[in-house]
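Okay, structure first, notes after.
The values are calculated or read from the model by the stated rules, or taken from the named source; none is laboratory data. Note that the structure is predicted; figures quoted are calculated from it, not measured. Don't worry about glycine lacking a Cβ; one is built from the backbone with ideal geometry, like all the others, and counts go over all protein chains shown. The area values use the complete protein model at the heavy-atom level, side chains included, leaving out ligands, DNA and RNA. Shrake-Rupley method; radii C 1.70, N 1.55, O 1.52, S 1.80 Å.
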Amino acid sequence: MKLLEGKMPGMPSPTSVSTKLQKIAKLARDAPDMVLTSLAHHIDVALLHEAYRRTRKDGAVGVDGRTAEQYAANLEDNLHQLLNRFKSGQYRAPAVRRVHIPKGDGRKTRPIGIPTFEDKVLQRAVVMVLTAVYEQDFLDCSYGFRPGRSAHQALEALWQGTTKLGGGWVLKLDIESFFDTVDHAHLRGFLDQRVRDGVIRRTIGKWLKAGVLEEGAISRSEAGTPQGGVVSPLLANIYLHHVLDVWFAETVMPRLSGRAFLVRYADDAALVFESESDAKRVLQVLPQRFGKYGLRLHPDKTRLVEFRRPVGGERPPSGAGGFTMLGFTHYWGKSRKGRPLIKRKTAAKSLSGSLKRIGQWCRVNRHQPVAEQQAALVKKVRGHYAYFGVTGNIRCLRNFVRQVERRWCFWLDRRGGPRAMTWERFSRLLKRFPLPAPRIVHSVYQRAAKS
């Protein structure tokens with residue numbers, strides 16, 4: 001594993017923070033079996049300043065109602081007091097305010113947690129220190145919520161690995177309510193194997209027990225990571241690192257008859273096998289493995305997909321319509337030279353969800369000036385291209401922008417007025433207020449397609 005490199009700009013003492021994190025990373029890398037018992041002393045005012053700089057300032061307020069601007073009005077004193085309470089054990093983790101946002105098609109809602117701003121700053125500082133440790137331990141198969149890693153890197157690794165195997169059998173995992181079912185006892189056991197610093201572990205324990213405030217009542221649970229917390233993705237990665245990644249690398253792979261690999265992004269994972277028998281054996285033991293640690297695989301969404309490379313001009317096997325991961329459907333297609341090639345397109349669920357949100361936005365903002373609507377829609381469309389703009393997906397991008405234009409036209413026609421917004425009139429409006437043309441942003445397999 002590579003060490004953390006470089007200095008962090010914008011700090012009162014950039015060398016101080018960079019050096020601290022480098023020392024922690026080097027110690028963890030040089031002694032992979034060492035249990036670290038003294039880490040909290042690395043968290044000082046300079047590191048809290050950097051944590052403050054990295055924390056979003058425009059987020060919703062927590063249970064204390066304190067905004068980032070109010071916290072920054074007396075920043076130095078606030079950070080010094082926060083550090084003293086953290087080191088002395090007097091810091092009290094506030095409850096997380098829970099709100100519900102629309103999910104999918106808007107019929108259901110998803111609960112999200114909103115910590116206080118000060119809690120976010122402290123969580124960020126602790127995460128910076130723990131990340132320096134665990135980045136030396138995490139395996140290459142893990143991509144979610146890690147510095148220098150992204151969903152597109154996970155997708156490229158999945159494409160490259162599956163191509164080298166010539167397809168195979170894909171075991172797509174779906175963990176039911178993972179972030180809500182992480183067992184605290186097992187999590188503490190995993191942390192004990194690497195970090196036993198009393199100050200940091202005591203604070204993490206407070207975050208796990210802080211509870212959720214909803215409709216004036218606080219509820220607490222013996223499972224789950226802190227909702228909306230900065231520390232939550234790191235704790236989740238530590239949990240699955242032990243439950244899945246290390247187990248697959250050290251216990252499963254040596255017992256397989258063929259090649260296999262794992263790609264995981266947070267709780268979204270795919271296991272690809274060269275041999276059908278290997279895939280079925282692992283599928284048989286996975287529920288027991290996850291159940292041992294209080295997790296449950298979704299019985300309908302966890303499935304084994306036959307994804308072998310088509311031979312000659314044959315079609316893919318019956319039922320092998322591909323699999324979905326990280327918003328993309330992976331399927332077998334052909335290159336320009338007619339050779340079998342794994343392609344990707346926007347998953348139907350992701351496309352419909354994006355269009356649903358844009359349609360709702362157009363409905364709410366239909367009375368705003370057209371120029372303002374266009375400026376906002378341009379950002380939304382470019383954001384869609386930035387993620388889904390991969391080689392081979394241009395057809396879905398064109399369909400997406402056409403559907404956005406249709407929804408925009410529909411809700412402009414509902415503004416009222418003497419003249420209807422016909423498609424001819426809207427076409428003239430698009431010449432003055434155009435939306436961005438589809439473009440490919442990520443060309444991850446162009447070299448392979450040419451070979």
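Note that segment 197-279, at 37 °C in a medium of 0.692 mPa s, gets a Stokes-Einstein diffusion coefficient of 212 µm²/s from its Kirkwood radius over C-alpha pairs.
For segment 388-443, the set of trypsin sites (Lys or Arg not before Pro) satisfying both a DSSP loop assignment and a count of at most 14 other C-beta atoms within 10 Å is given as ARG414, ARG415, ARG419, ARG439. Taking the Kirkwood radius as Rh and the Cα radius of gyration as Rg, segment 153-192 has a ratio of Rg/Rh equal to 1.21. Full extension of the chain between ARG220 and GLN81 gives 47.3 nm of extra length, using 0.36 nm per residue less the Cα-Cα distance. Select from the chain the helices, each a whole stretch of DSSP H, whose alpha-carbon atoms run 27 Å or more along the helix axis and whose Kyte-Doolittle mean is at least -1.0; answer none if there are none. Span-like helices, by this rule, are 394-413.
Per residue, segment 363-441 exposes 61 Å² of solvent-accessible protein surface, assessed with a 1.4 angstrom probe and all protein chains in place.
Under Stokes-Einstein, with the Kirkwood radius over Cα pairs as Rh, the value for segment 356-451 at 20 °C and 1.002 mPa s is 147 µm²/s. Backbone amide hydrogens, once placed in the peptide plane, bring GLY168 within less than 5 Å of PHE307, ARG308, ARG309, excluding anything fewer than 5 places away on its chain. Full extension of the chain between ARG398 and LYS334 yields a length gain of 21.0 nm, computed as 0.36 nm times the residue separation minus the alpha carbon distance. Rounded to the nearest 20 debye, the dipole size of the chain about its Cα centre is 2280 debye, using +1 on the Cβ of Lys and Arg and -1 on the Cβ of Asp and Glu. Converting the Cα gyration tensor eigenvalues of the chain into ellipsoid dimensions via √(5λ) gives semi-axes, longest first, of 38, 33, 21 Å. The three principal axes of the C-alpha atoms in segment 270-403 carry coordinate ranges of 61, 48, 21 Å, sorted with the longest axis first.
Taken as Cα centroids, segment 363-401 and segment 113-158 sit 29 Å apart, rounded to the nearest whole angstrom.
Of all DSSP-defined beta bridges confined to the chain, some 90% are antiparallel rather than parallel. What separates the Cα centres of segment 227-242 and segment 276-311 is a distance of 23 Å.
Sequence-ordered 3J(HN,Hα) estimates for segment 57-65 from the Karplus curve with 6.51, -1.76 and 1.60 and θ = phi - 60° stand at 9, 9, x, 5, 7, x, 5, 7, x Hz, glycine and proline given as x.
In this structure, SER277 and ILE440 have a Cβ-Cβ separation that, at R0 = 45 Å, corresponds to a calculated FRET efficiency of about 0.70. Over segment 115-259, the Kirkwood radius and the radius of gyration, each from Cα atoms, give a ratio Rg/Rh of 1.01. Rg over Rh for segment 75-153 works out to 1.08, using Cα positions for both radii and the Kirkwood form for Rh.
Hey, for a label at LEU27 modelled as a point 7 Å past Cα toward Cβ, could you say which residues of segment 44-82 have their backbone N under 20 Å away? Counting only backbone N, you get 44-51. Rolled with a 1.4 Å probe across the full set of protein chains, the surface gives HIS152 an accessible area near 30 Å².
Taking a Cβ cut-off of under 10 Å around LEU208, the surrounding Lys, Arg, Asp and Glu residues balance to a net charge of +3, with basic ones at +1 and acidic ones at -1. Ranking CYS396, CYS409, TYR331 by Cα position along the charge dipole of segment 322-412, where only Lys, Arg, Asp and Glu carry charges on their C-beta atoms, puts TYR331 farthest toward the positive end.
Projecting the Cα atoms of TRP361, HIS298, HIS241 onto the charge dipole of segment 214-365, computed from C-beta unit charges around the Cα centre, puts TRP361 farthest toward the positive end. Can you list which of the GluC sites (Glu not before Pro) found in segment 208-272 are DSSP loop residues with at most 15 other C-beta atoms within 10 Å? Those that pass, being in a loop and sparsely packed, are GLU215, GLU222.
Normalised by residue count, segment 39-186 yields a Cα convex hull volume of 180 Å³ per residue. Let me test this: with uniform point scatterers at the alpha carbons of segment 185-342, what is the Debye-based log₁₀ I(q)/I(0) at q = 0.19 1/Å? Reported log10 I(q)/I(0), two decimals: -1.27.
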